Amino acid sequence: MAIINDSTSRPVVEMTSSIRDACDDYKHYIEFILEPAKEELEAKVRNNEVLLHQAFGVNLIVAHSVDYLQAIRSAAGIKESRTDLVKSFDEKFAVSGAYLSNRKMELIDAINNALKHIRVDPRRYKSLGERYGQISFQSLVEDEGCVLCHLENYRFDYCRVVLLPALRALANWEFDSAESVLEFAKGEVIIWHGGYSDTYDPFDPSTAIDRMIEICSSPCQNCEEDADACRCSQYVFAGDEGQFEPLYSASEGEFEELMNHISPSYNRA
């Protein structure tokens, strides 16, 4: 994964006291609320010990992160509604996962709204209603240490597929200044997900075996479980059975290059 600053072609925003205060608020929210919530949920998911009320609590925390980011964007002069920010959230802040791509924060926000109002207003969440049907607080159910999301044509592990990817996109940051928080909140930090991990130097032939092992043992990009532990095949997405989707993959050309580094006689075989 690479982090790229994409602010060069955009107008510079002067750092005002209002912007700085909003950035400090978000840094505080990350350190004392988002990060602890992420670490606790990761541990409970890993041990299959998630209770329903805990999932709803984390969902509320993630949903309200939008308000902190919108406060920064508003102070910086960005005109948009909260609804607009929610709809574009996954794209702006790089929430990963193949299933429910670019729709996670919308669902998080809708589930949070359903907990408050019992059922979401279909007029407020028209596009979600067309996709998922009626969303209510009973859409989440506890099942053997997991919390499943049951919707029309959908059934999946809510914490693994939705909550944890959103939490990691929001909390896995060590901002060193208000300016860096502002860049993130404005969507000027691009997260580029490469074909596989960037732990090893792709130009160093001596790392070829390690890179091949990493690719072949890739976790699922949706639930982040190993292939043997992945349960996505038990779930349903848009009426279709899910499946293991590797987080790391290599193109045909990359695979050929790796094999040539591992065994120079590969192409002659």
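The values are calculated or read from the model by the stated rules, or taken from the named source; none is laboratory data. None of the values given here were measured: they were computed from a predicted structure. For neighbour counting, all protein chains shown are included, and Cβ atoms are generated from backbone atoms with ideal geometry for every residue, glycine included.
See the values below:
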item: Any hit, region 133-140, residues being modelled with pLDDT under 80 and in contact with a Lys or Arg (Cβ under 7 Å, 6 or more places away or on another chain); result: no
item: Qualifying position, being under 30 Å from P246 (Cβ atoms) and surrounded by fewer than 20 Cβ atoms within 10 Å (Cβ to Cβ), among R131, R82; result: R131
item: Any chance A208 is surrounded by 14 or more Cβ atoms within 10 Å (Cβ to Cβ), assigned to a helix (DSSP H, G or I) and modelled with pLDDT under 85; result: yes
item: Residue count for region 214-237, restricted to those that are in contact with a Phe, Trp or Tyr (Cβ under 7 Å, 6 or more places away or on another chain), at pLDDT 80 or above and part of a loop (DSSP other than H, G, I, E, B); result: 3
item: Residue match in region 95-117 (condition: free of Cβ contacts under 8 Å to residues at least 12 places away in the same chain and part of a helix (DSSP H, G or I)); result: yes
